[in-house]
Amino acid sequence: MRRLLVLALLVPAATARADSSVTVDLNARGQQLASELGLSTTDLIATAQARIDELYKTSRLGDLLHAFANTAAIAQRGLGVDYDPDPGDRLIGVSIGGVHGDVAIGTTNTWLGGSIINLAAMAGVNLGRWQHPRWMVFANGFYESTTIHGLDGSLLTLGAHVQYHLVRATGPGSVRWTGVQATTGLEYASWVVGTATGGSIESHFIAKSPTSQASIHMSSTGTLDVDTTTVSVPLELTTGVRLLDALVLYTGGGLDLTAGSSTVVAQLTSQLSINKDKIPIGTAVITGSGSNSPSAVTVHGLAGLEIHTRRVRVVFQTAVAPGELAVNVGLRVAL
């Protein structure tokens with residue numbers, strides 16, 4: 001048996017802290033595979049370590065934790081607010097959003113492995129009945145189970161927002177400007193993911209030489225837990241147009257102030273195998289721990305389309321921030 005131990009000690013900036021190690025062992029069949037590929041055993045071990053590093057981001061845990069925190073922070077952005085309410089509105093609704101960030105673990109497919117779904121129930125009230133018709137207040141929240149490529153967990157999001165009609169809309173017409181809305185509030189997110197009891201993370205990677213290659217399957221069991229908590233204050237300005245008093249197009253952007261933390265603990269044992277029969281060729285042991293914070297100050301842009309009737313509104317919206325993309329669909333009812 002030949003062994004190569006790779007220990008990556010990250011020296012992160014700001015509040016980041018992380019360390020990790022990957023140990024790869026090859027059995028006799030694994031050494032034979034190296035020979036078949038025209039590689040030395042040491043070269044195949046180094047190749048396996050590099051591919052595992054890509055799958056689990058062991059050499060950049062700080063970046064992974066930073067991305068987890070930023071993804072959690074944007075998970076409810078825009079889900080709990082209506083950007084073109086009517087005077088006197090009392091709204092209730094539900095929204096569903098897909099959020100993509102650099103949070104894939106155990107896979108190099110960043111779009112499928114790095115995306116989550118978030119839900120929100122929301123309510124909003126215009127303060128016109130209290131002689132403040134330019135003000136709206138909103139509340140939203142939801143708790144749900146989440147899954148990221150074999151990791152189970154939960155996502156709790158809570159938000160409270162206040163909106164002020166900074167510049168009034170133009171008068172009735174087939175095309176009218178909706179004015180300018182200023183929105184701020186407080187958003188809390190708690191996102192926990194980890195290996196399920198008795199579960200495994202199934203992955204694969206390609207080991208190649210100049211003349212040949214092999215697909216190596218990787219079945220990982222043990223502990224991989226990520227715990228993320230964020231608190232954000234968005235500061236937004238939005239505007240738009242309403243067509244035929246039924247279709248609203250709006251856009252805007254804002255500044256986000258965010259605090260929080262993201263931590264990881266990993267202790268995984270992986271069985272390496274080849275072919276359909278999953279012939280064992282060795283093992284890999286992955287360990288890691290670390291913590292990091294979200295970006296303290298970021299910007300975001302948003303755009304949406306709303307089918308607007310007196311009683312029912314259907315909203316399609318997208319929000320973009322550095323490294324993050326969210327797409328939302330919502331249904332709201334005016335009481």
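Structure data summary
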item: Residue that is modelled with the highest pLDDT [pool: residues in the stretch 198-235 that are assigned to a loop (DSSP other than H, G, I, E, B) and over 23 Å from the mean Cα position of the chain (by Cα)]; result: S212
item: Identity of the residue in the stretch 134-180, in a loop (DSSP other than H, G, I, E, B) and surrounded by 16 or more Cβ atoms within 10 Å (Cβ to Cβ), that ends up modelled with the lowest pLDDT; result: H149
item: Only one of A104, A48, A72, A67 that is touching a residue at least 24 places away in the same chain (Cβ under 8 Å), of a type outside the set (S, T, N, Q), touching a Phe, Trp or Tyr at 6+ places or on another chain (Cβ under 8 Å) and within 30 Å of T251 (Cβ to Cβ); result: A72
item: Flag for T238 being of a type in the set (S, T, Y) and either more than 30 Å from L127 (Cβ to Cβ) or more than 18 Å from the chain's Cα centre (by Cα) (or both); result: yes
item: Of all residues in the stretch 267-293 being of a type outside the set (D, E) and not in a strand (DSSP E or B), the one that is surrounded by the fewest Cβ atoms within 10 Å (Cβ to Cβ); result: K276
item: Pairs where the first residue, in the stretch 133-147, is free of Cβ contacts under 8 Å to residues at least 12 places away in the same chain and the second is surrounded by fewer than 18 Cβ atoms within 10 Å (Cβ to Cβ), C-beta under 8 Å, 6+ apart; result: S145/D152; S145/S154
item: Residues being surrounded by fewer than 18 Cβ atoms within 10 Å (Cβ to Cβ), part of a strand (DSSP E or B) and either of a type outside the set (A, V, I, L, M) or in contact with a Gly (Cβ under 9 Å, 6 or more places away or on another chain) (or both) - total across the stretch 240-262; result: 4
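The values are calculated or read from the model by the stated rules, or taken from the named source; none is laboratory data. Note that the structure is predicted; figures quoted are calculated from it, not measured. Here the Cβ is made from the backbone with ideal geometry for all residues, glycine too, and neighbour counts use every protein chain on show.
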